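Engineer: Below is the structure I would like to discuss, written out as structure tokens.
The values are calculated or read from the model by the stated rules, or taken from the named source; none is laboratory data. Keep in mind that this is a model prediction, so the values were computed, not measured. With ideal geometry, Cβ positions are generated from the backbone for all residues, glycine too; neighbour counts draw on all protein chains shown. Protein only, heavy atoms only, side chains kept; ligands, DNA and RNA dropped before computing areas. Shrake-Rupley method; radii C 1.70, N 1.55, O 1.52, S 1.80 Å.
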Amino acid sequence: MAGTLEAALGRLLSEPVKCTAAGRTDAGVHATGQVVSFQTERAFPFDRLVLALNSILPSDVAARESAAVDEDFSARFSAEARTYEYAVFNARVRSPMLANRATLVPYELDVAAMRRGAEALTGRHDFRSFCGVPPDNGNTVRTVRSLEIERCGDLIRFRISADGFLHRMVRTVVGTLLEVGRGRRPAETLAGVVEARRREAAGLSAPAHGLYLAGVRFRDGYDSYRTPAVLTGFVADR
């Protein structure tokens, strides 16, 4: 996505453009609330930027809004929280309408058990067990502010907000919780998974296509959150 957006901006501004994204996404991951920042020496009417960009971007990428910001603003470093959502289609038969939009899990899942397991992952912890490739600085401590799991019919939504995320952290958290939901791993063992600080202690990473970067919140209160289309109208079962 970054390369596509940089090419479109470069075409509009007639100069090379380097974008900084608020969140990195693996191939196959979606984003409904991605934020990018860039600098340019060219004058361009911001009230026309979204329309101009969308006229040349491919159909699977769209700009929602634009704004001029302070020179020291960074979509990555000025963010104080990010929210990811993961969509699971929990049914025996796949839905063609949800292909590449939600991950099919054709086994019965215990949402209550997954919620109990999620309690051990909320708060400030070393998430090395849930990290694919550690960051260059070696810091794998993050604060998960909320981790919600809800069902609506055959759809299960995982929503996780944190001050930052590690490589494949959300997908590994979801994959591990799905093992809990299937009864393959007791919910009470997740605290031990955190303490182990070994990737082998956690479960497999869930597939990329069920994951969405849904929102980024900044210090000034702006939040880019947008509900993924697959979860629009989602009302949790009670």
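Engineer: Can you name every residue in the stretch 106-127 that is more than 17 Å from residue 187 (Cβ to Cβ) and touching a residue at least 24 places away in the same chain (Cβ under 8 Å)?
Structural biologist: Residues satisfying the conditions are 126, 127.
Engineer: Being among the small types (Gly, Ala, Ser) and within 11 Å of the chain's Cα centre (by Cα) is the filter; apply it to the stretch 194-236 and report the residue that is nearest to residue 66 (Cα to Cα).
Structural biologist: 215
Engineer: Checking the structure you have, find out if any residue of the stretch 185-204 is touching a Cys at 6+ places or on another chain (Cβ under 8 Å), surrounded by 15 or more Cβ atoms within 10 Å (Cβ to Cβ) and part of a loop (DSSP other than H, G, I, E, B).
Structural biologist: no
Engineer: Could you tell me whether residue 150 is under 17 Å from the mean Cα position of the chain (by Cα) and charged (D, E, K, R)?
Structural biologist: Yes.
Engineer: Among the residues of the stretch 51-87 satisfying the criterion of being surrounded by fewer than 18 Cβ atoms within 10 Å (Cβ to Cβ) and among the aromatic types (Phe, Trp, Tyr), which is farthest from the chain's Cα centre (by Cα)?
Structural biologist: 73
Engineer: Name every residue in the stretch 1-50 that is more than 25 Å from the chain's Cα centre (by Cα), aliphatic (A, V, I, L, M) and not in a loop (DSSP other than H, G, I, E, B), in order of residue number.
Structural biologist: Across the stretch 1-50, the qualifying residues are 12, 13, 49.
Yes or no, residue by residue, for (1) within 25 Å of residue 97 (Cα to Cα); (2) touching a residue at least 40 places away in the same chain (Cβ under 8 Å); (3) in a helix (DSSP H, G or I); (4) open to solvent by less than 30 Å² (accessible area, probe 1.4 Å):
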| residue | (1), (2), (3), (4) |
| --- | --- |
| 165 | no, yes, no, no |
| 176 | no, yes, yes, yes |
| 180 | no, yes, yes, yes |
| 206 | yes, yes, no, yes |
| 209 | yes, yes, yes, no |
| 216 | no, yes, no, yes |
| 221 | no, no, no, no |
| 230 | yes, yes, yes, yes |
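Engineer: Return only the number of the condition from (1) of a type outside the set (A, V, I, L, M, F, W, C); (2) assigned to a loop (DSSP other than H, G, I, E, B); (3) modelled with pLDDT of 95 or more that residue 116 does not satisfy.
Structural biologist: Against the list (1) of a type outside the set (A, V, I, L, M, F, W, C); (2) assigned to a loop (DSSP other than H, G, I, E, B); (3) modelled with pLDDT of 95 or more, residue 116 comes up short only on (2).
Engineer: Does the stretch 116-124 contain any residue that is open to solvent by 30 Å² or more (accessible area, probe 1.4 Å), within 20 Å of the chain's Cα centre (by Cα), closer than 30 Å to residue 220 by Cβ and charged (D, E, K, R)?
Structural biologist: yes
Engineer: How about the stretch 88-110: which of its residues are in contact with a Lys or Arg (Cβ under 9 Å, 6 or more places away or on another chain) and buried (at least 17 other Cβ atoms within 10 Å of the Cβ)?
Structural biologist: The answer is 88, 89, 90, 104, 105, 109.
Engineer: Restricting the search to the stretch 3-32, which residues are of a type in the set (Gly, Ala, Ser), touching a Leu at 6+ places or on another chain (Cβ under 6 Å), open to solvent by less than 20 Å² (accessible area, probe 1.4 Å) and over 14 Å from residue 52 (Cα atoms)?
Structural biologist: Residue satisfying the conditions is 23 alone.
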